Amino acid sequence: MKYNRLPPWLGLVAKRIPIDGSSENVAFDASQSSITGKPPRPRWAIAIFGILVCLLPLTILAARIAIRSNVNDVRDWLPAHYSETVQYEWFRTRFGSEEFVVVSWPGCTLDDARLQQLSVALTERSRLVESAGKPPLFTQIMTGRELVDDLTGVGAGLTLSQALNRLKGTIIGPDLQQTCAVITLSEDSRIRLSSALSEIRNATVACGVAEEDVHLGGPAVVNDAIDKSSSQSLVRLAGLAAFVGLVVAWLCFREVRLTVIVFLISGYSALLSLAVVPVCGMPLNAILITMVPLVYVAAMSGAIHLSNYYLENLEHADSNEAIRLAIRQALLPLSLAASTTAVGLVSLWYSDLAPIRMFGLFSAVGVLLSLAMQLIALPALLCMWPSGKSTQIASTTSSENDPALSAWEWKWSAEFIAKRHAWFVSLFLILSVFGLAGLARVETSIQIMRLFANNAPIISSYDWLERNLGAMIPLEVVIRFGEQSQADQQSQPKASKQPGASKSVDNASYQRLELIREIHESIAKIDGVSGCLSGATFARPARQEPPSIRRVLENVRLKQTRARLVEAGYLSITPEDESWRISLRVSAGEDLDYGDFQQFIRKHVEPILERERTKRSQDLSAVYTGAVPIIYKARRSLLNGLALGFGTDVLLVMVAVIVLMRNWSSGLLLGLTCVFPFTMVFGLMGWCHWVVDIGTVMAPCVALGVTVDDSIHFLLWFRRGTKRGMNRSQAIGLAYATCGRAMLQSWGVIGLGLSVFALSSFVPTFRFGILTLSLLTASLVSNLIFLPAFLAGPLGASIADRAGGKPADRK
């Protein structure tokens, strides 16, 4: 049987490849091909090419479905057993959705007729949707004019000045004239968020407001902006990144055919990884979408290494034989790099956060798919369209006359570093200490508005709204009166049939309202709180009258107020307890950790509750919740989880290399060279006081694949050199000659190509582009300078002795 007639992977099995994948003593049968003619195209290559062509439309369709399914509702990221999740679900059960959108524009005052027109238009639109049998997008539409009329009417009986001051900082602006419309979204609108916001914006423009003057605010607006920015930045810049990578790859290979093949493999691998997501019934999110560049980078790095092996073997073999030899040389390092990276990514499955679990699982699947594309599809395409470079077939190859060692540049580099390896190792340790010291100074941020550039439309809208209206970030405090307090009130003689007024209005009712008013005023005085809305906002000051007709009238008025509060969503009454809601607004522009701010609010509320518990023996408690604290808790957990997951990845890669290569020195070297780039880059960020956020933490996960791939290739070629009887300096020269060019090409094609994402206005994408280039540059320095320096020292001697060749220092 002639092995070069088999598919390359079958030929590898038949040839019984040694564990290090070396290709010495491989004879090439020149009779199987013609020197002057092109080698025949094997049937297996034609079959694989046909399969790839047939799958391409389905893959593109699935990838488009995945991009359209991009959903970033961070509230769904936290697991159900978290206390924050339990409290928020309880809040939504009692008071309904707090998903609101604030709409305002210059000149939107209490006397602006367009405000009422907008309310009527959205109400009518909601009715039409309901009549069509679809769930409505809006559950409540409320304007500043309507609220002021309600507070100055018979129910509350406030003066105009009192009503405006109570709504100041939430519904009414600092000038007591600027106002807005507040639209509460339905649960179904979370799925159709973009449509709901488009309806609001279009209705506002239809009322005569210029489109550039419309300002929207609220958590829903931020979520929609994240969805659009993350998807648009990827789609818009992906083409430019591919073009830059193509140009750099052509400059490296100097051949259009091979350049296109390498990019087809990388792009197809990324599309396959993206297509797997909707096939498994999962939506895309801002974290999972980072899987695409990760798989692209892994596939590109492996394809470049394999292509370089192919080009080197073309110097002494025809195309089909060169492909077989290239796979023989690349099989072990490519498989080792992909498998260890996949194992590290799968370890993220143990995270509590769903986005991290999905990112780890689908990224591992994508990396393995890219490995299959490198070992199956790439050889098939090279068989179909072999390199146009001239070949000169030699009958045999020998390690003593290895053509790769003729490059004097690599030989000089190897000798220079080997002779001065102690100096380079010392420099490595000094830089590592510098980086570790900087890591201790790293500042992290989970501020949502940091995701957008200063000139982004959402930033200008939020600045205008907070300057002319009030803060946009909602926090919720719910005061609960437990079963004992309910029993005390139910023991009173009178009751009403209405749910919101089923308890008689006695001294306990006045006391509760006054307690809510006291807590409301205490919270409103906190720095950073622009205003509050609660039952105290919509009720007139309570007065305890002696038994008289006036007291009866006050009781009736308070009963009506309680019913209105239940309807407005600021009071919830159940047989178990009675809950009063206080909704406050905090600025979105300040770099606040809203979880810590909640604790600050707790310090103002708990002393008042403790006083009431002691004074009246009431069962009182407070719940601090809201969508934004949930979002920030999820982002903080995500930031910590990704950092921990990256450390776990590196550790597992080290363990896997030690097990597979049966040498602890190899694992230690791999760990040192993999950690160094991230220590340096993030340490420098710590020294420069650059904030680390989620977009920053995603870059190391992508760059890790290239670092591991290059390190493993270099280590294995160093082992092969020592097995051939070379000393360590010569073995380092062999590793330089066979891997150095591919490392430089990987840096150029991947690093310069992905740096195009730095042009994005979406800050996570911008930082991803900058940091990826920085990390790959540091990785290149680590693998081409510091790794050879370590190999020239005692660690390299341990690897050489373990390789089983001649003594490392013997010629």
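The values are calculated or read from the model by the stated rules, or taken from the named source; none is laboratory data. Note that this is a predicted model, so its numbers are computed, not measured. Quick reminder, even Gly has a Cβ in these numbers, built from the backbone with ideal geometry, and neighbours come from all protein chains shown. Protein only, heavy atoms only, side chains kept; ligands, DNA and RNA dropped before computing areas. Shrake-Rupley method; radii C 1.70, N 1.55, O 1.52, S 1.80 Å.
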Worksheet item: How about the range 735-811: which helices (runs of 4 or more DSSP H) wholly inside it have at least 2 residues that are at pLDDT below 85, touching a Gly at 6+ places or on another chain (Cβ under 6 Å) and more than 19 Å from Asp710 (Cα to Cα)?
Response: 763-781
Worksheet item: Hey, does the range 498-505 have a residue that's open to solvent by 20 Å² or more (accessible area, probe 1.4 Å), in a helix (DSSP H, G or I) and modelled with pLDDT under 75?
Response: yes
Discussion item. Looking at Leu306, Leu331, can you tell me which residue is in a helix (DSSP H, G or I), surrounded by fewer than 24 Cβ atoms within 10 Å (Cβ to Cβ) and either in contact with a helix residue (DSSP H, G or I) (Cβ under 9 Å, 6 or more places away or on another chain) or without any contact (Cβ under 8 Å) to a residue 24 or more places away in the chain (or both)?
Written reply: Leu331
Worksheet item: Is it the case that some residue within the range 109-120 is surrounded by fewer than 17 Cβ atoms within 10 Å (Cβ to Cβ) and assigned to a loop (DSSP other than H, G, I, E, B)?
Response: yes
Worksheet item: Taking the range 242-266 only, how many residues are of a type outside the set (Val, Ile, Thr) and either closer than 21 Å to Leu361 by Cα or open to solvent by less than 10 Å² (accessible area, probe 1.4 Å) (or both)?
Response: 5
Worksheet item: Going by the structure shown, is Val442 touching a residue at least 12 places away in the same chain (Cβ under 8 Å), closer than 25 Å to Asp596 by Cα and among the hydrophobic types (A, V, I, L, M, F, W, C)?
Response: yes
Worksheet item: Which one is modelled with the lowest pLDDT among residues in the range 696-709 that are of a type outside the set (A, V, I, L, M, F, W, C) and out of contact with any Ser or Thr (no Cβ under 7 Å at 6 or more places or on another chain)?
Response: Thr696
Discussion item. Hydrophobic (A, V, I, L, M, F, W, C) and open to solvent by 10 Å² or more (accessible area, probe 1.4 Å): is that true of Val277 in this structure?
Written reply: no
Practice prompt. For Thr123, indicate whether it is crowded, with 18+ Cβ neighbours inside 10 Å and farther than 26 Å from Leu353 by Cα.
Written response: no
Worksheet, complete the sentence: Restricting the range 337-347 to residues that are open to solvent by 10 Å² or more (accessible area, probe 1.4 Å) and of a type outside the set (Gly, Ala, Ser), the one nearest to Ser711 (Cα to Cα) turns out to be Thr341
Worksheet item: Is it true that Phe718 is under 24 Å from the mean Cα position of the chain (by Cα) and touching a residue at least 40 places away in the same chain (Cβ under 8 Å)?
Response: no
Discussion item. Would you confirm whether or not the range 722-734 contains a residue that is open to solvent by less than 10 Å² (accessible area, probe 1.4 Å), in a helix (DSSP H, G or I), modelled with pLDDT of 85 or more and not aliphatic (A, V, I, L, M)?
Written reply: yes
Worksheet item: Among the numbered criteria (1) modelled with pLDDT under 85; (2) surrounded by 14 or more Cβ atoms within 10 Å (Cβ to Cβ); (3) more than 30 Å from Trp690 (Cβ to Cβ), which single criterion is violated by Asn468?
Response: (1)
Worksheet item: Residue check, Val129 against (1) among the aliphatic types (A, V, I, L, M); (2) open to solvent by less than 10 Å² (accessible area, probe 1.4 Å); (3) without any contact (Cβ under 8 Å) to a residue 40 or more places away in the chain, all met but one. Which one?
Response: (2)
Worksheet, complete the sentence: Of the residues in the range 776-796 that are open to solvent by 20 Å² or more (accessible area, probe 1.4 Å) and either more than 36 Å from the chain's Cα centre (by Cα) or among the β-branched types (Val, Ile, Thr) (or both), the one that is farthest from Cys674 (Cα to Cα) is Pro794
Worksheet item: Can you find even one residue in the range 87-97 that is under 40 Å from the mean Cα position of the chain (by Cα), part of a loop (DSSP other than H, G, I, E, B), surrounded by 15 or more Cβ atoms within 10 Å (Cβ to Cβ) and at pLDDT below 90?
Response: yes
Response to the item:
By residue number, the members of the range 309-327 that are surrounded by fewer than 24 Cβ atoms within 10 Å (Cβ to Cβ) and assigned to a loop (DSSP other than H, G, I, E, B) are Leu314, Glu315, His316, Asp318
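Yes/no matrix, rows are residues, columns are (1) basic (Lys, Arg); (2) open to solvent by 50 Å² or more (accessible area, probe 1.4 Å):
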residue: Ala414; (1), (2): no, no
residue: Arg420; (1), (2): yes, yes
residue: Trp423; (1), (2): no, yes
residue: Ile430; (1), (2): no, yes
residue: Phe434; (1), (2): no, yes
residue: Ala437; (1), (2): no, no
residue: Gln447; (1), (2): no, no
residue: Ala456; (1), (2): no, no
residue: Asp463; (1), (2): no, yes
Discussion item. Residues to consider are Ser269, Ser230; find the one that is modelled with pLDDT under 85, buried (at least 22 other Cβ atoms within 10 Å of the Cβ) and closer than 24 Å to Val756 by Cβ.
Written reply: Ser230
Worksheet item: Give me the pairs: first residue in the range 223-248 and under 13 Å from Pro764 (Cα atoms) and touching a residue at least 60 places away in the same chain (Cβ under 8 Å), second residue surrounded by fewer than 22 Cβ atoms within 10 Å (Cβ to Cβ) and of a type in the set (Lys, Arg), beta-carbon distance under 9 Å, and six or more apart or on different chains, which are they?
Response: Ser231/Arg68
Discussion item. Checking Ala206 against (1) modelled with pLDDT of 90 or more; (2) over 20 Å from the mean Cα position of the chain (by Cα); (3) open to solvent by less than 20 Å² (accessible area, probe 1.4 Å), only one condition comes out false. Which one?
Written reply: (3)
Worksheet entry | Residues (free of Cβ contacts under 8 Å to residues at least 12 places away in the same chain and open to solvent by less than 40 Å² (accessible area, probe 1.4 Å)) located in the range 144-193 | Gly153
Worksheet, complete the sentence: Scanning the range 134-147 residue by residue, those aliphatic (A, V, I, L, M) and either modelled with pLDDT of 90 or more or assigned to a loop (DSSP other than H, G, I, E, B) (or both) turn out to be Leu137
